[in-house]
1. Val405: net charge of surrounding residues, Cβ under 12 Å, Lys/Arg +1, Asp/Glu -1, itself excluded?
2. Towards the positive end of the charge dipole of the chain, with charges on Cβ (+1 Lys, Arg; -1 Asp, Glu), say which of Ser382, Val124, Gly87 has the farthest Cα.
3. Ignoring ligands, DNA and RNA, what accessible area per residue does the stretch 259-384 give at 1.4 Å, in Å²?
4. What angle do you read, to the nearest 10 degrees and between 0 and 90, between the alpha-carbon axis of helix 339-350 and the longest principal axis of the chain?
5. Could you work out the local net charge near Gly323, counting Lys and Arg as +1, Asp and Glu as -1, over the other residues with Cβ closer than 14 Å to its Cβ?
6. Rounding to the nearest 20 debye, state how big the charge dipole of the stretch 138-183 is about its Cα centre with +1 on each Lys and Arg Cβ and -1 on each Asp and Glu Cβ.
7. Quick check on the chain: helices-only [θ] at 222 nm, where DSSP H runs of length 4 and up contribute -39,500 (n - 2.57) each and the sum goes over total residues. Nearest 500, please.
8. Please name which of Ala371, Met352, Leu393 has its Cα lying farthest along the dipole of the stretch 318-429 towards the positive end, using unit charges on Cβ (Lys, Arg +1; Asp, Glu -1) and the Cα centre as origin.
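The values are calculated or read from the model by the stated rules, or taken from the named source; none is laboratory data. Computed from a predicted model, the values in this text were never measured in an experiment. Because the Cβ atoms are built from the backbone with ideal geometry, glycine has one as well, and the counts that use them run over all protein chains shown. Areas reflect the complete protein model, heavy atoms only, side chains present, ligands, DNA and RNA absent. Shrake-Rupley method; radii C 1.70, N 1.55, O 1.52, S 1.80 Å.
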Amino acid sequence: MSGTISKTRSAAPILALFTPVVLGGCEAGSDAPASSAVAFEGARVIVGDGAVIEDAVFVVDDGLIGQVGASGAIDIPDGAARVDLSGKTVMPAIVNAHFHLNPERGARTEQLRHSAYYGTSLAVSLGLDDGEAAFEMRDEMLTDGARSQTAGRGITSPEPGRSEVPHWVTTEDEARAAVRELADQQVDIVKIWVDDRGGQYERLSPELYGAVIDEAHANGLRVTAHVFRLEDAKGLLRAGVDAFAHGIRDMDVDDELVALWRERPNVVLVPNLPGPGVAENFDWLAGTVSADRIAGMNEGSTDRPQAQEFFGIQARNMVRLHGEGFPVSFGTDGGSPWAVHQELADMVRAGMSPADVIVAATGTSAAFVGADDLGMIEAGKSADFIVLDANPLDDITNTRMIDAVYLRGVAVDREGMGAELLGLSPPAP
């Protein structure tokens, strides 16, 4: 990173990075204590709610953001270390509201670390978490790692041959019992699947998903639904669903769907767009992915007209629902730590502005998952932010030009993590 810090070698507390610097207002040999605050100066700050502050200053202390404002409007504490971010852009770290984490502790930890490398502060694991690690790790602040939430085991109709982790329910009693078990585990949200998987299975019926939603609400839980068909989305809205974990994928939405949604305007859409079906270049992954693998990814990425058509349905639906004013959040599905940047680009490709997409992935997503201290560069929030070398409001793919990631006021050791993931020798201290 340019400015006061050239590179961060470890995830030591942020003040330790400034040890060689004489702190303003505290002469060598003075008994006066140095401030623990750090002032970041000169960057363009994308706040997370649609506001942008040019030539901004924000102060971080004890893992939290203090003052935020334009240069000259902030009183920097005496003795605070100062970081020059002139020419950089700062945005909140990303909140991924639809992800799938490995249920095993070691692998889950590495996924969360790798996700932090690419700027994720929190990942919500939706419905395939078997065992205790998912619940134990919610309260853990991993070094160099994103936080996590879990839906535990989701609920669906029987799907032989697919994952056996979710609760398979065939009666209302079974559906309610599954929800009560999830409530006892204090899941963050209930995940249901309403999909026949291309005609392979009986999809969860309105009677069953209605029982799930009713029981969840009785236990103070919200429900998010994997959905495919417009017909099912309408039924779920009538039944009181709280969010959709995918967009509608079989056809363009109609006025009836919009009218139903307008009756419950706080229902959240997590679009989770499919691949756009166009050739992409993956050279930007060189920090954590081997050259051979990147070459294979580039070779395998081609234009696919059928995928483009499938993408188009969901793109139009997302843009219409966003235009109606319904909340659009952010999620990637799967377990790829870098997919957040592809999803950001795909949402812009679909027709949302870069500014609105960043709000969806930060402020809106954090509010949706109840992470009140994330998603904004705002006083009182956790100091979870990304420093970029270029402005994503000009080109959303600039979110890939990461100079540094901070979680809870600590710089993620991206260089060391990259070397580890590539199997290289660690960087010299």
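1. The answer is -2.
2. Gly87
3. Per-residue accessible area for the stretch 259-384 comes out at 39 Å².
4. Its long axis makes an angle of about 70 degrees.
5. In short, -1.
6. 80
7. So the calculated ellipticity at 222 nm is -8500 deg cm²/dmol.
8. Met352
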